[in-house]
Structures are given as C-alpha cells and as structure tokens.
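Shown next, in structure tokens, is the structure this report addresses.
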Amino acid sequence: MSLEPPLVFVVDDDASAREGIEDILQSVGLPVISFGSAREFLHGPRRDAPGCIVLDVRLPGTSGLEFQKILIEAGIRLPVIFITGHGDIPMSVMAMKSGAIEFLTKPLREQSLLDAVNAGIEADRLRREGSKHVSELRQRFELLTPREREVFALVVTGRPNKQIAAQLELSEMTVKVHRSQITKKMRATSIVELARMADRLGLSAEKS
C-alpha cells in the first residue's frame, strides 16, 4: 500500500466555512488546498496524491452537482463529499447516485467530517493501487505474442491442453510451451492467479 501523503481539496464559496474545514482537517495533520469555486479548482494546482474533495452543493456559477459531473467527464476520480446548509432528500439521493461517498449538512459535525474524509482518502488510495496493478499487468500482457494471448485466453477458462491444441490447430507440446512462457511473462504462480489476472484485464476467449 502506498504511503504517499494524502491531500484534501475543499471547494466552498463561503470563506469562513472553508477556514473552519481547514482547521478541522489540519488539526489531525491532513494537508488541505481550498478553492472558492469550481472554476478555481479546475485551474488551480492539484498534486497527484490520494485524496478527496469536500464540495459545497451551492456554488456560484457551476453548482456542486454540476461540478461533480464535470469531474467525472474530465477523468478526475477523486471521491466527493458533499456539504450543504440547504440539503434535501432528493438532492442527497442525486449526489449519491452520481458517486458521492457522503452528504453532510452544515453546521458540520467535526467527527462526521473526519470520518468521511478518511473514508474518501482510503477509497482513493485503494483505487490508485488497483489502477497501478492493472497497469503493471497490462505491461506484462503486452509482452505476450499474439499466439500466446490466444492460448492465455483459453487457458484461464480451464480448458485442457489437448482441447486448446485442437481449437488452435497446434500440437499439445506447443501449447505446453506457450503456457510456460505465459506463466513466466505474467509472473503467475498458478492457473488461478492467471485467471484473476485475466479478469482484472477484462480478457476473455471471445475478445482474444
């Protein structure tokens, strides 16, 4: 698990609210960068680190809910924690359906905010670790020859060498050689691990 220090972004047009949130988060050692609008965030500095966004629903110009959609479209996958002084149930449901991890009402309870932020940071850290792992698997997969990829897709379905050989019109010995190379290049220790790798890569016999 990455030990890279986290970073929390606060987007709220109320300066006193931003300062209050900053004080709470900084009191437990969490670095914070604050913005007064969605536009400021999009044009401001963003260190590439595990984190989350504490986002006010009612912002000047682009609302918090609209901004959440912009983040998704821009590929910015930081977990979002919505805060509002005017929240209602339909707004909360809409925010959660769009992927927000929490919806807090002002005045904020300190512990509720900290719990939500810590959950957001951990979720982002796990997502980043997962993305990194998939990227590494894809790099290994790119080392396979076209024929090895075909064999790989069939091996992870549990087909025996004889059946794979017949389907690809190869000898069983050739299939065994390919399996050995696949295992070596993918750095797998078992067929079960290969199957998990294929699943993470979204591979199937049909796609290959």
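Could you please find all residues in region 59-87 being surrounded by 16 or more Cβ atoms within 10 Å (Cβ to Cβ) and either in a strand (DSSP E or B) or on the phi > 0 side of the Ramachandran plot (or both)? Result: Val80, Ile81, Phe82, Ile83, Thr84. Taken together, the residues in region 107-133 that are part of a helix (DSSP H, G or I), surrounded by 13 or more Cβ atoms within 10 Å (Cβ to Cβ) and not charged (D, E, K, R) amount to 11. Working only within region 33-49, note down all residues that are outside any loop (DSSP other than H, G, I, E, B) and touching a residue at least 24 places away in the same chain (Cβ under 8 Å). Ile33, Ser34, Phe35, Ala38, Glu40, Phe41, Leu42 - these are the residues of region 33-49 that are outside any loop (DSSP other than H, G, I, E, B) and touching a residue at least 24 places away in the same chain (Cβ under 8 Å). Residue count for region 73-100 satisfying the condition of being among the aliphatic types (A, V, I, L, M), under 15 Å from Ala123 (Cβ atoms) and modelled with pLDDT of 85 or more: 5. So which of Val134, Val80, Val155 is among the β-branched types (Val, Ile, Thr) and over 22 Å from the mean Cα position of the chain (by Cα)? Only one candidate qualifies: Val155.
Please determine whether any residue of region 7-18 is among the charged types (D, E, K, R), under 20 Å from the mean Cα position of the chain (by Cα) and either assigned to a strand (DSSP E or B) or over 16 Å from Val80 (Cα atoms) (or both). No, because not a single residue in region 7-18 is among the charged types (D, E, K, R), under 20 Å from the mean Cα position of the chain (by Cα) and either assigned to a strand (DSSP E or B) or over 16 Å from Val80 (Cα atoms) (or both). Here Pro90 does not fit the description of being assigned to a loop (DSSP other than H, G, I, E, B) and out of contact with any strand residue (DSSP E or B) (no Cβ under 9 Å at 6 or more places or on another chain). Among the candidates Leu25, Leu30, Leu55, the residue that is in a loop (DSSP other than H, G, I, E, B), surrounded by 13 or more Cβ atoms within 10 Å (Cβ to Cβ) and in contact (Cβ under 8 Å) with a residue 40 or more places away in the chain is uniquely Leu30. Residues in region 89-115 that are in contact (Cβ under 8 Å) with a residue 40 or more places away in the chain, touching a Leu at 6+ places or on another chain (Cβ under 7 Å) and within 22 Å of Lys69 (Cβ to Cβ): there are none.
Say whether the condition of being of a type in the set (A, V, I, L, M), touching a strand residue (DSSP E or B) at 6+ places or on another chain (Cβ under 7 Å), closer than 30 Å to Thr84 by Cβ and modelled with pLDDT under 95 is met by at least one residue in region 112-121. No, every residue in region 112-121 fails to be of a type in the set (A, V, I, L, M), touching a strand residue (DSSP E or B) at 6+ places or on another chain (Cβ under 7 Å), closer than 30 Å to Thr84 by Cβ and modelled with pLDDT under 95.
The values are calculated or read from the model by the stated rules, or taken from the named source; none is laboratory data. As the structure is a prediction and not an experimental result, all values here were calculated from the model. All Cβ positions, glycine included, derive from the backbone under ideal geometry; neighbour counts span all protein chains shown.
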